[in-house]
Structure formats: structure tokens, C-alpha cells
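Let me begin by presenting the structure, written as C-alpha cells, before commenting on it.
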Amino acid sequence: MLDSLFQLLFSAIWFILPAYVANAVPVVFGGGSPIDGNRKFVDGRPIFGQGKTIRGFIIGLVAGSIVGLLQGVVLNQLYTYFLRGLLLTLGALLGDLLGSFIKRRLNISRGDMAPILDQLGFVVFALLLTGPLVLPGWDVVLAILVVTPPIHLAANFMSYKLGLKSRPY
């Protein structure tokens, strides 16, 4: 029983790893010009805000895709895993942008918490974008949705302790 639970958790993390990396790397290596060019939406609020940068998006896309490529090397399925990694990565980054867009519409400031949206938005979009190519079993999808919030919160807390984030969530 415990062995099958560990196998399920490993499968979930292995599958979604490119998205996790793409979501985390911009915190460390992002910065620079905002993707929205400091433009405002029709409501007068920023489209995405200062925290979503061109450099962060590109570095996230490259890093997550490299993880997919490395998974393909390990399993001798280079093309399949690279493509899957690219789609997971792109989905995660677009999901994160959508989350920021929604937070700005709800007048939630940069860095303020939006439970569920912050922890699962990027993963849901990653799964949606990858779905037409490959989707794991529902048990793996459910495991991803269950383990992602505590992993996300722990990673944010560590980033806060390292001085990379101004808030621990």
C-alpha cells in the first residue's frame, strides 16, 4: 500500500516537474521589463503587473523545456518528452499570467495571496495544454492537484527565507 502511494507521488511529480520548474525559476532569475509593458487594462489596473517579466517568462520556458528534454534523455524518448515538457511549461507560464490577470481584476495586489488560484492555476493550465498530447491517469492528475498546494507553499516559504520573495506565501 505505502509502496503504491510512493509510486503514485513519484509519477505525479515526474509528470508535472517541467511545470514546477517553469513556475519557480522566474522567482530566482526573473526581473526586468514587465510583459505588459506597464500598460493598463480597460479597468485602469495593470494587465499583469510588475512581477510578470519578459525575462522571467523566457527563462521559465527554457528551464522547464530543458527539464522535459532531460526526462526524454533518461527515458530514451527525446522528442516526446521535450514536446510534453514544452507544453507543460508553456501551460504553467500562461496559467500564471492568467492568475495575475485575474488577481489584478479582483484588485489583489502583487504578492498578496489568492488561495487556490496561486497554487493550482499554473498546474491546471499546464495539464490543459498538455492534455491533447498526453494526459496521465486520473489518479496521477488527482495526486498532482493534491500535492501541488503544499509543495508550492513550501517553495514560497523557502524563497521568502532566502530573501527571494517579500512574503512567505
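The number of residues in segment 142-169 being in contact with a Phe, Trp or Tyr (Cβ under 6 Å, 6 or more places away or on another chain) and within 15 Å of Ile13 (Cα to Cα) comes to 0. Criterion first (in contact (Cβ under 8 Å) with a residue 60 or more places away in the chain and part of a loop (DSSP other than H, G, I, E, B)) does Asp43 satisfy it? Here the answer is yes, as Asp43 does meet what is asked. Every listed requirement among (1) farther than 15 Å from Ala24 by Cβ; (2) more than 16 Å from the chain's Cα centre (by Cα); (3) not in a helix (DSSP H, G or I) is met by Leu164 save one, (1).
Taken together, the criteria place Ile47 among residues that are of a type in the set (A, V, I, L, M, F, W, C), touching an Asp or Glu at 6+ places or on another chain (Cβ under 7 Å) and modelled with pLDDT of 95 or more. Would you be able to tell me the number of residues in segment 104-128 that are surrounded by fewer than 14 Cβ atoms within 10 Å (Cβ to Cβ), under 13 Å from Pro46 (Cβ atoms), without any contact (Cβ under 8 Å) to a residue 60 or more places away in the chain and not polar (S, T, N, Q)? Counting residues in segment 104-128 that are surrounded by fewer than 14 Cβ atoms within 10 Å (Cβ to Cβ), under 13 Å from Pro46 (Cβ atoms), without any contact (Cβ under 8 Å) to a residue 60 or more places away in the chain and not polar (S, T, N, Q) gives 1.
The values are calculated or read from the model by the stated rules, or taken from the named source; none is laboratory data. Every value quoted in this text rests on a predicted model; they were computed, and no experiment measured them. Note that we place each Cβ from the backbone using ideal geometry, even for glycine, and neighbour counts take in every protein chain shown.
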